[in-house]
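Let me begin by presenting the structure, written as structure tokens, before commenting on it.
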Amino acid sequence: MSILVSLRRIAFLLSAFFITAANAAPGDKIDLVRDLAGRVGPVIGSALSCPDIARPRIQTVIEKFAGVIRDAAAAEAQRSELAQLFDRSVADGRNAVATGRMDCKLAERRLADLEQSLSPSAPAPAAPTAPAFAPAPPPPAVSFGNPVSTVRGVSDNEIRFGITAAFTGPVRERGRQMKIGIDTAFNRVNDSGGIGGRMLKLIAADDGNEPARTLQAVRQLYEKDQIFGIIGSIGTATAAVAVPFALERRMLFFGAYTGGNVVRRDPPDRYVFNYRPSYAEEADAAVRYLVKIRRIPVRQIAVFAQQDDLGDAGFAGVAKAYRALGINDSALLRLNYPRNTIEVDEAVNLLRLQKVPVRAIIMAASYRAAAKFIEKTRNLYPEMIFTSISGVGGSSLAEELKLLGPRYTTGVLVTQVVPAVSGHSSAVLEYKNALAKYFPGEAPDYASLEGFVAASILIDALKRTGAQLDIEKLVDTLEATRNLDLGLGVQLGFGRSDHTASHKIWGTALDESGRFQPVDLE
């Protein structure tokens with residue numbers, strides 16, 4: 001009975017809308033459409049979650065509702081606000097099916113009843129007869145969920161994405177390189193006609209790697225720059241600020257440069273997707289390499305860690321690897337330094353106080369702090385093995401160490417989430433050719449290669465989503481990605497319970513010239 005009442009209410013509101021459309025004040029029409037969006041959206045959302053319900057039926061209703069939005073709101077900002085309200089209601093309907101509060105039989109019945117109530121031949125309940133949802137001539141670009149104005153960040157000729165990172169300050173090079181990699185992939189697809197004629201655009205906002213600035217940066221991208229989603233943002237502590245903002249607005253947060261747990265919840269957040277493995281996976285690979293290949297006793301391994309989520313994730317990954325090997329992790333030594341600084345003297349002094357000599361150090365640090373730590377400890381411990389997780393920014397670390405001389409580069413290991421940039425896999429060759437074309441003079445870099453790969457995964461999903469682009473359809477497409485081969489030597493994919501595309505760890509080590517060479521970690 002409640003469903004029937006709700007659908008009758010929809011039909012009544014539609015009739016009222018069309019009757020008053022010509023003479024009503026704009027605010028009254030918009031209020032009516034707001035009410036409609038909250039009622040039609042859940043019906044559409046639940047239908048979209050049921051694969052047996054034909055998509056053309058659903059799309060017909062969506063397109064008609066987009067016509068209602070256009071008729072009600074003359075201003076772009078008002079149309080965008082109504083479309084977002086409808087978006088949220090659609091997501092609520094999807095969630096009702098996903099959580100078992102509604103089954104697909106009921107969703108089918110609700111859609112059928114809605115279609116009947118929207119039919120021109122259906123009697124208008126308790127209101128003067130009027131054409132409910134008469135199809136309007138198609139606009140220059142498609143309506144809701146289609147090109148143009150009803151999807152934030154999407155027009156008939158452009159899709160806008162944003163990146164937040166440090167573009168100033170001590171770790172600015174990682175942000176610059178990540179943006180270069182994404183822009184390289186975007187430029188390449190744009191030169192081929194874009195995504196169905198839409199060009200991809202990347203807008204950068206500088207947060208200085210300071211979480212206190214991140215909220216302002218993502219708010220600027222969302223409100224001022226009107227982006228569709230975020231891609232490639234740098235940092236773990238900053239992601240802890242940006243992710244909740246994105247989730248509240250049902251905005252894509254894709255391919256962040258962090259292996260932290262904030263982007264890896266279980267079950268995964270619907271709008272958060274990763275390319276790279278976790279820091280815990282990298283730390284596990286480093287521990288196994290040191291213990292099984294280099295034969296370092298676990299009591300002679302320490303962790304040099306930034307005092308933030310990056311350092312915590314790295315340290316926790318090492319401790320987890322110890323436990324997986326059946327080793328007590330209670331005595332694991334952590335050498336700390338303050339985040340976003342190169343103040344490493346306290347960590348060096350604590351290392352010198354150890355009675356049991358430390359022979360290997362796993363670093364979960366920024367590249368400048370890691371380089372400073374190696375500089376201050378190499379003379380004290382000439383045989384020390386330094387290995388770092390990829391969050392350090394391998395190419396940037398190499399550049400810092402090369403300034404100090406060959407004795408500081410030799411033997412420094414970095415676990416990587418992409419193949420060696422000096423390698424010859426098809427993905428690396430495509431990346432280097434595109435980089436030379438769009439950014440001549442820029443040297444291949446691990447961070448920019450990661451940005452290129454992450455952007456390529458997103459581009460593949462955008463192409464498969466098709467012209468009717470909205471966030472829910474894109475997420476569904478991403479979750480259906482299986483066995484994607486970009487030429488990395490490993491197939492990529494997502495699922496509803498796994499939003500991380502790759503779990504592959506590559507090993508690299510610097511030689512005397514400061515170049516990375518492949519290392520077998522197993």
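The values are calculated or read from the model by the stated rules, or taken from the named source; none is laboratory data. Treat the numbers as computed from the prediction; the structure is a model and nothing was measured. In this analysis, Cβ positions are derived from the backbone assuming ideal geometry, glycine residues included, and neighbour counts consider all displayed protein chains. With ligands, DNA and RNA removed, areas are computed over all heavy atoms of the protein, side chains included. Shrake-Rupley method; radii C 1.70, N 1.55, O 1.52, S 1.80 Å.
What the table below lists for this structure:
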item: Value of D in µm² per second that Stokes-Einstein yields for segment 213-319, Kirkwood Rh from Cα pairs, at 10 °C (1.306 mPa s); result: 105
item: Solvent-accessible area, 1.4 Å probe, carbon plus sulfur percent, for segment 237-282; result: 47
item: Long-range HN-HN contacts of THR410 with modeled amide H, under 5 Å; result: none
item: Area accessible to solvent at LYS292, 1.4 Å probe radius, in Å²; result: 110
item: Mean accessible surface per residue for the chain, computed with a 1.4 Å probe while every protein chain stays in place, in Å²; result: 41
item: Percent accessible area from carbon and sulfur atoms, segment 375-442, protein chains only, probe 1.4 Å; result: 55
item: Amide H partners (placed H, <5 Å) of MET251, local residues excluded; result: none
item: Mean ellipticity per residue at 222 nm, deg cm²/dmol - from DSSP H runs of n ≥ 4 across the chain, formula -39500 (n - 2.57); result: -15000 deg cm²/dmol
item: Fully extended contour minus Cα-Cα distance, from GLU399 to ALA436, at 0.36 nm per residue; result: 11.3 nm
item: Spin-label model distance (nm) - ASP103 vs THR60, 7 Å beyond Cα toward Cβ; result: 2.6
item: For segment 417-434, 3J(HN,Hα) per residue [Karplus equation, 6.51 cos²θ - 1.76 cosθ + 1.60, θ = phi - 60°, Hz, x = Gly/Pro]; result: 9, 9, x, 4, 5, 8, x, 10, 5, 4, 5, 5, 5, 4, 4, 5, 5, 5
item: Nearest-ten-degree value, helix 26-48 long axis tilted from longest Cα axis of the chain; result: 70
item: P(r) histogram, all alpha-carbon pairs of segment 362-463 included - 5 Å bins from 0, percent; result: 2, 12, 20, 20, 16, 13, 8, 5, 2, 1, 0
item: Hits among aspartates and glutamates - C-alpha to C-alpha of LYS29 under 13 Å, sequence gap 8 or more where chains match; result: ASP71
item: Subset of LYS292/LYS372; LYS292/LYS355; LYS292/LYS504 violating a 26 Å alpha-carbon distance limit; result: LYS292/LYS372
item: FRET E, pair ASP71, ASP485, Förster distance 60 Å, beta-carbon r, rounded to 0.05; result: 0.85
item: Exposure ranking of CYS104, CYS50 by accessible area [1.4 Å probe, largest first]; result: CYS104, CYS50
item: Residue-wise HN-Hα coupling along segment 221-233, computed from phi with Karplus coefficients 6.51, -1.76, 1.60 (Hz; x: Gly, Pro); result: 5, 6, 8, 7, 8, 6, 7, 7, x, 10, 9, x, 5
item: From the coordinates shown, semi-axes √(5λ) of the Cα gyration tensor in Å corresponds to which of [x] 57, 28, 21; [y] 37, 26, 21; [z] 52, 22, 19; result: [z]
item: Cα→Cβ-extended label distance, 7 Å offset, between LEU350 and ALA324, nm; result: 2.5
item: Helix axis angle, 309-324 relative to the chain longest principal axis, alpha carbon, degrees; result: 70
item: Cα long-axis angle, helix 55-72 against the chain (0 to 90 degrees, to the nearest 10); result: 80
item: HN-Hα J in Hz across segment 473-482 - Karplus 6.51, -1.76, 1.60, θ = phi - 60°, x for Gly and Pro; result: 5, 5, 4, 4, 5, 4, 5, 8, 6, 9
item: Antiparallel bridge percentage (DSSP; both residues within segment 144-269; nearest 5); result: 10
item: Eligible aspartates and glutamates near LYS402 by straight Cα distance, threshold 17 Å, same-chain separation 8 or greater; result: GLU173, GLU375, ASP445, ASP511, GLU512
item: For ASN336, distant residues with modelled amide H under 5 Å away; result: ALA305
item: Residues of type lysines that LYS473 reaches as a straight line, Cα spacing below 21 Å, ignoring anything fewer than 8 places off in the same chain; result: LYS64, LYS201, LYS463
item: Per-residue SASA entry for PHE494, accessible area with 1.4 Å probe, Å² rounded to 10; result: 10
item: Using alpha carbons only: equivalent-ellipsoid semi-axes of segment 203-260, gyration tensor based, whole Å; result: 15, 13, 10
